[in-house]
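Structure first, commentary second.
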């Protein structure tokens with residue numbers, strides 16, 4: 001289950017990176033700066049933290 005979570009997180013990051021690249025290119029072409037959405041960063045951070053904690057619990061939990 002954790003592996004699937006990491007795979008989904010990776011896919012979301014790849015899609016977000018591609019969208020961000022287009023966003024930055026358009027903004028630079030217009031001579032402006034486009035900030036990264038705080039909710040995107042917060043969401044990715046929360047999901048990654050939950051996966052890390054889940055992984056840690058699997059590592060330290062007795063078999």
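We did not get these values from a lab; they are worked out from the coordinates using the rules stated. Note that this is a predicted model, so its numbers are computed, not measured.
Hey, what number do you get for the chain at 222 nm if only DSSP H runs of n ≥ 4 count, each worth -39500 (n - 2.57), divided across all residues, to the nearest 500?
Taking each H run of at least 4 residues, the total per residue is -29000 deg cm²/dmol.
Where is the GNM fluctuation largest for the chain (alpha-carbon springs, 10 angstrom cutoff): 11, 48, 30?
30
Relative to the first principal axis of the alpha-carbon coordinates of the chain, what is the inclination of helix 2-29, with its axis defined by its Cα atoms, in degrees from 0 to 90 and to the nearest 10?
10 degrees
Computed over the Cα atoms, what is the radius of gyration of the chain divided by 2.2 N^0.38 Å, N being its residue count?
1.52
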